[in-house]
Amino acid sequence: MSELDVIIRGGMIIDGQRTPRYCGDIGIKNGRVESITGVGGLAKKKAQKEIDAEGLIVAPGFVDLHTHYDAQIFWDPYCTTSGWHGVTSVVIGNCGFGIAPVKPDGRERAMLSLTRNEAISYDAMSAALAWDWESFPEFMDAIERTPKGINLLTYIPLSPLIAYVMGGVDKAKTRRPSEDEMGQIKTLISRAMDAGACGISSQNLGETSVQRDYDGTPNVTDVMHFEDFLEMVSILKDKGRGVVQVLGLTPEQTERVCEASGANVIYNVLALECDQHGMKTEGSWEEFTDWMESANQRGLKVSAQMVTTGIDFTFTFEDWNLYDFSPHWRDLCMGTTSEKLEKMRDPSRRQAIREEYDSVANATREEFTADLENDIAATALVQFRTVADNQVVMVENDELVRYEGMTIRQIAAKENKHICDVILDIAVADELLTTFATPPNQYNPADIKKLLNKPYTVPGISDGGAHMKFSAFGRYGTEYLVNYVREGKMVDLEYAHWHLSAIPAQYAGLHDRGVIRVGSPADILIYDFDQLGWTEAEKVFDLPAGDWRRITKGIGYRYTLVNGQITFIDGETTGATPGNLLRNGRA
């Protein structure tokens, strides 16, 4: 009988603890690291599976704190795109969105909400979800029963929970909870925490939210009273554990959440330019990190998830909704294809779009941010301000082929048209099937280096499982290692793997993951540093009900292990599903 299940021999070990790298052998037994020795130290040991890692990096799997795989886990056990890019543990239930608790007569409404606020396929959800749960603990049980090739832990998303108590999503938006209802909400949060949830999530973006309900209105937590939110998070202080993930608060409000919850607050989002939705960040990022350091020095626990990947979108107007902060664009981009086409042809709507565009594109930064009466002033989309630089990638109508490869700006100059008329004319002529691409962000290398080295920061914001027809940001870990370590030399591998694995594990309440050490779960990556990269985004029809998404796969990852079992070899799944639901941060 083999003494060990797996031996990884001769790899360059980066253990996630900022220990200087060293070559060695790793022995794995019963899903955990049993021994770590110098090269040859396990020469006399035998294992069921031996991996020659000479010339390769051996490091802990990435921990992604910001995903929306709540539905996808029921049809994709590896949570791809994340699984293709070295992620071995994910947190679901972010932004206050989710599918539990939900009463049987509220299931349709719950799925509809996710079709817009997270752009998750209704057809896929409807075809794949068994809905063998109602309460949040029952939802967690359903996840535990589901085969998983990745580890999951979950926040309690507040939107469905509040709606569950207050008679449905629509009613929950019209008033504050009564004293009795607040008691019920807090009881449900308590029960979910007792069942093993890692904390609470909420999106508090207000009336100008870019992530909206299926009918174009803000979500439940967007219009939630802040004092009610404070009362809900106070349950975490009673429990003595848990984290709060929230977006849309001011620093002052964030401090109050820290005080009310006694918990670590994971602030979303810290970025140089824009968040994962393309939303322009407010104020100076350096002033924000200075405040965050001050808050921690004063005893408050605040960390920030930061955007470290390039934000670019490939989209068609069949599904696009990331201009939803603008009431005019939101109006155009809602409804059936025929309804959208009719609205896009409407001269009065066109005029409103042109005027709004001109007011933004021609304003100075100071004028733009100072105009608080403007619907788009405080929530400017980088892509909206630069819509002229969107590129026509592909058309379906042969008469439009001449536009492929050109930017909207180039076409407008050639045809003497307004920017907005150009993009809408092409979309209408192509029955909304034209594929457009937004210009990628260009980060200042000096700024990104500073940001990477700031304390209390967490890389990520992949939004995995969401916006699948626009983006595939699950590549963020690969991009970090390629752009900032290998090419940019901004940080070393020891720092990078600590930042990508140990730090997020710590902030999420994962007690023994994100590192390679004796006794820890064997969530391990083995990769070729020189070959590391990612594929071009492609459109694949691999969702339930024959629906499609955009994906990008990692290159250079030789092996991925989850709980000691190999889940990927050279980018292909093995069929193993050793992932666990991590209740209270543990399997």
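Values computed for the structure shown
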item: Residues located in the stretch 42-67, provided they are over 17 Å from V458 (Cβ atoms) and in a loop (DSSP other than H, G, I, E, B); result: L42, A43, K44, K45, K46, A53, E54, G55, L56
item: Residue among R583, R558 that is within 22 Å of the chain's Cα centre (by Cα) and of a type in the set (K, R); result: R583
item: Residue in the stretch 484-535 that is nearest to T560 (Cα to Cα), counting only those that are β-branched (V, I, T) and touching a helix residue (DSSP H, G or I) at 6+ places or on another chain (Cβ under 8 Å); result: V515
item: Boolean, Y484 is closer than 26 Å to S303 by Cα and out of contact with any Cys (no Cβ under 7 Å at 6 or more places or on another chain); result: yes
item: Hits in the stretch 244-290 - residues which are touching a Cys at 6+ places or on another chain (Cβ under 6 Å) and at pLDDT 95 or above; result: V265
item: The stretch 129-140, residues that are in a helix (DSSP H, G or I) and in contact with an Asp or Glu (Cβ under 9 Å, 6 or more places away or on another chain); result: P137, E138, F139
item: The one condition in (1) surrounded by fewer than 19 Cβ atoms within 10 Å (Cβ to Cβ); (2) of a type outside the set (A, V, I, L, M, F, W, C); (3) not in a helix (DSSP H, G or I) that G514 fails to fulfil; result: (1)
item: Some residue of the stretch 441-461 being in contact with a Lys or Arg (Cβ under 7 Å, 6 or more places away or on another chain) and more than 16 Å from V269 (Cα to Cα); result: no
item: Selected residue (only one of Y443, Y476, Y495 is touching a residue at least 40 places away in the same chain (Cβ under 8 Å), over 19 Å from I150 (Cβ atoms) and in a helix (DSSP H, G or I)); result: Y495
item: Neighbours by Cβ (under 6 Å, 6+ apart or cross-chain): first from the stretch 11-38, outside the structural domain of F529 (by TED's automatic domain parsing) and in a strand (DSSP E or B); second of a type in the set (F, W, Y) and surrounded by fewer than 16 Cβ atoms within 10 Å (Cβ to Cβ); result: I13/Y22
item: Filtered residues of the stretch 446-470 (kept if among the polar types (S, T, N, Q) and either assigned to a loop (DSSP other than H, G, I, E, B) or assigned by TED's automatic domain parsing to the domain that holds R345 (or both)); result: N453, S462
item: Complete set of residues in the stretch 530-578 that are farther than 28 Å from L129 by Cβ and among the aromatic types (F, W, Y); result: W534, Y557, Y559
item: Which listed residue, of A522, A496, is under 23 Å from the mean Cα position of the chain (by Cα) and hydrophobic (A, V, I, L, M, F, W, C); result: A496
item: Hits in the stretch 1-35 - residues which are within 19 Å of Q565 (Cα to Cα), surrounded by fewer than 20 Cβ atoms within 10 Å (Cβ to Cβ) and among the hydrophobic types (A, V, I, L, M, F, W, C); result: M1
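Residue-wise test of (1) surrounded by fewer than 23 Cβ atoms within 10 Å (Cβ to Cβ); (2) in a loop (DSSP other than H, G, I, E, B); (3) aromatic (F, W, Y).
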residue	(1), (2), (3)
S294	yes, no, no
G299	yes, yes, no
D319	yes, yes, no
Y323	yes, yes, yes
D331	yes, no, no
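The values are calculated or read from the model by the stated rules, or taken from the named source; none is laboratory data. As the structure is a prediction and not an experimental result, all values here were calculated from the model. All Cβ positions, glycine included, derive from the backbone under ideal geometry; neighbour counts span all protein chains shown.
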